[in-house]
1. For segment 148-234, state which trypsin sites (Lys or Arg not before Pro) are in a DSSP loop and have at most 11 other beta carbons lying within 10 Å of their beta carbon.
2. If I fit a long axis through the Cα atoms of helix 240-252 and take the longest principal axis of the Cα atoms of the chain, what angle between them do I get, 0 to 90°, rounded to 10?
3. Whole number please: convex hull volume per residue of the Cα set in segment 29-150, in Å³?
4. Measure off 7 Å from each Cα along the Cα-to-Cβ vector at residue 241 and residue 37, then give the distance between these two points in nanometres to one decimal.
5. Which whole number in µm²/s is D for segment 240-305 by Stokes-Einstein, with the Kirkwood Rh taken over Cα pairs at 20 °C and 1.002 mPa s?
6. Quick check: convex hull over the Cα atoms of segment 188-228, volume per residue in Å³, rounded to an integer?
7. For each pair in 142/253; 202/256; 175/253; 37/232, compute the distance between the two Cα atoms and list the pairs where it is over 32 Å.
8. With everything on Cα atoms, drop me the angle between helix 272-281 and the longest principal axis of the chain, reported from 0 to 90° to the nearest 10.
Amino acid sequence: MATERKSGRQASMSRRESKGAGGVRQQLAERGLSPNKRFGQNFLTDEGILSQIVDAADLSGSDTVLEIGPGAGALTRRLAERAGRVVAVEIDNGLTAMLREEFAGHPRVEIIGGDILKTDLRALFPEAAASGASPAGTAGVKAVANLPYYITTPILMQLLPMERLISRFVVMMQKEVADRMQAQPGSKDYGALTLAVQYYAKPDLVTLVPPSAFYPPPEVTSAVLCLDRYEKPPVQTGDPDRMFALVAAGFGKRRKTLVNAVTGAPQLGIDADRMREALAACGLDLQIRGEALTLAEYAKLSDALTGNI
Ligand code: SAM
């Protein structure tokens, strides 16, 4: 059988892949780097979890992947084996320089230095923005990431509403946040984040991940979610921003009735009588609390308040 001789860089990469936490520590130390808490750096070292993440993305050569926070590159290397193009955005200058060296000349990997929240994604993926992301599970930009936990919600709330860009997210986050994204009405985890996510995408749990899968281990259990973005939201409303303002008011005062919570939010400009009328028009109990309404009920109520039904 023919054997392939590995270059020095490839050989040191595969040594690291089999060495877990020690390999990443050594990789960083060679550059005078160490994990930076400020950027939420917990590097994933568990080979099985890395495989599960890549498998959930269901990649083929026609896929373009956005990786958020490639870190030391463990996930990047695997994504590059399956996807047609991998664009990785990393905020840490030391890691960006290290990755640029490791992937220099790689035909399918681009390392972008910068903050994902300030990156112009439409400029990075002009084809997707022009043609429209395909239905989930087929071609289109897929976002795959072990997210920096300190900004999980801002990242998803910025990327999920972007139309015609990302069709699937396979993202690791703190388990508590994943629980809130997948929650059902009536549960303690159900809240404004649940509705904000479920308006745009269908969340599915891929796997739970223990702290021991990372270097250094975080203090919390993590979860990988697959979020398939809807081409059209599952509920229709004439004014989504107004619906989300109603949701924010409803969950802002969870223990109050929705009438009291909403009339206590003067920025909405809704008085108690109008609120009661709209609730009655939607067939909802006048004493209902905001935490009891489904997404469809919020959409209907919001439209009733704006005279759209
Ligand atoms: N993907 C690597 C892995 O799985 O081992 C690293 C994941 S680590 C949890 C999060 C990564 O996101 C770090 O590399 C961190 O520097 C990077 N990061 C933090 N904030 C960022 C931001 N605003 N924009 C881009 N990258 C960021």
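Bear in mind that the values in this text are calculations on the coordinates, not laboratory data. Computed from a predicted structure; not experimentally measured. Please note: Cβ atoms are built from the backbone with ideal geometry, for glycine as well, and neighbour counts cover all protein chains shown.
1. For trypsin sites (Lys or Arg not before Pro) across segment 148-234 that sit outside H, G, I, E and B with at most 11 neighbouring Cβ atoms in 10 Å, the list reads 188.
2. It is inclined by approximately 80 degrees.
3. Output value, Cα hull per residue: 110 Å³.
4. Distance between label points: 3.9 nm.
5. Roughly 191 µm²/s, to the nearest whole number.
6. 95 Å³
7. Long pairs (Cα-Cα over 32 Å): 142/253; 37/232.
8. With rounding to tens, the tilt is 80 degrees.
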